[in-house]
Amino acid sequence: MPDLRQTRKSIKTVLAVLIAVDVVTVVVLLSPLVGSTESRRLELNHLWSELQTKTRLVEPLTNLPEKVNTASRQITDFYKQRFPRQDSQIFVQLGKLASANGVTIDSIKQKAGDADIGHLQPVEMEADLSGNYIALAKFINALERDDMFFIISSVELGGEQTGPIKLQMKLETYLKAGT
């Protein structure tokens with residue numbers, strides 16, 4: 001016959017351990033270390049919003065190698081299409097834009113600088129132009145939108161009451177150095 005005293009003692013020991021675990025669980029649940037249900041919910045919401053913010057910050061870095069390759073191709077295309085190899089190409093382009101917009105080029109002075117980083121040689125120009133106001137405005141707009149890279153640094157209008165308006169313009173572009 002089984003020994004009931006030993007079994008009863010084992011059951012009492014197991015019940016005591018289970019009661020102790022329950023007491024510890026209740027103390028931890030109600031203690032200020034864990035906090036209330038509302039504070040845990042607020043903490044969860046705060047952590048979720050922080051995760052969303054950090055995910056948005058990191059999102060531009062996805063597919064970074066592809067973006068670097070695309071940027072390299074775009075830079076190469078930019079150099080090929082936007083910078084002339086010879087200074088004569090600059091004057092031909094300015095002449096095309098002027099004639100397309102009804103502007104007369106009276107004179108152009110150029111000053112080439114030394115080649116900078118990226119093997120580009122700056123070319124500063126001063127141009128004296130004449131035409132009506134609308135034609136000059138269209139010329140400047142066409143110059144800014146042209147495939148060849150031009151930077152307009154200053155524009156001075158002058159002229160008389162009658163006749164064409166005179167325009168003095170300082171602009172800059174770049175040549176591919178070593179060509």
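All of the numbers you see were taken from the coordinates with simple rules; none came from a lab. Here the structure is a predicted model, which means the values were calculated and not measured. Note: ideal-geometry Cβ built from the backbone for every residue, glycine included; neighbour counts use all protein chains shown.
Give me the net charge of residue 89's neighbourhood, meaning all other residues with Cβ under 14 Å from the Cβ of residue 89; Lys, Arg count +1, Asp, Glu -1.
Details: positive: 80, 82, 85, 96, 176; negative: 87, 146, 147.
For residues surrounding residue 89, the net value is +2.
Listed peptides 13-20, 58-65, 139-146 appear in the order 139-146, 13-20, 58-65 once ranked by packing, highest mean of other Cβ atoms within 10 Å at the front. Distance between the modelled labels on residue 4 and residue 92, one decimal in nanometres: 11.6 nm (7 Å Cα→Cβ projection). Computed from the C-beta positions of residue 40 and residue 17, the FRET efficiency with R₀ = 22 Å rounds to 0.20. The local environment of residue 175, defined by Cβ-Cβ distances under 10 Å, has a net charge of +1 under the rule Lys, Arg +1 and Asp, Glu -1.
Taking +1 at the Cβ of each Lys and Arg and -1 at the Cβ of each Asp and Glu, which of 97, 70, 169 sits farthest along the dipole of the chain towards its positive end, judged by Cα position relative to the Cα centre? Sorting the options by dipole projection puts first 70. Applying the Karplus relation 6.51 cos²θ - 1.76 cosθ + 1.60 with θ = phi - 60° to segment 41-57 yields 3J(HN,Hα) values of 5, 4, 5, 4, 4, 4, 5, 5, 5, 5, 4, 4, 4, 5, 5, 5, 5 Hz, where x marks Gly and Pro. Remark on segment 2-105: ratio of C-alpha radius of gyration to 2.2 N^0.38 Å is 2.98. Of 44, 171, the sequence from fewest to most neighbouring Cβ atoms within 10 angstrom is 44, 171. Relative to the Cα centre, the charge distribution of segment 4-61, modelled as +1 at Lys and Arg Cβ and -1 at Asp and Glu Cβ, gives a dipole magnitude of about 580 debye. Assuming R0 = 41 Å, what is the FRET efficiency of residue 29 and residue 63, from their Cβ-Cβ distance, to the nearest 0.05? Computed FRET efficiency for residue 29 and residue 63 comes out at 0.35.
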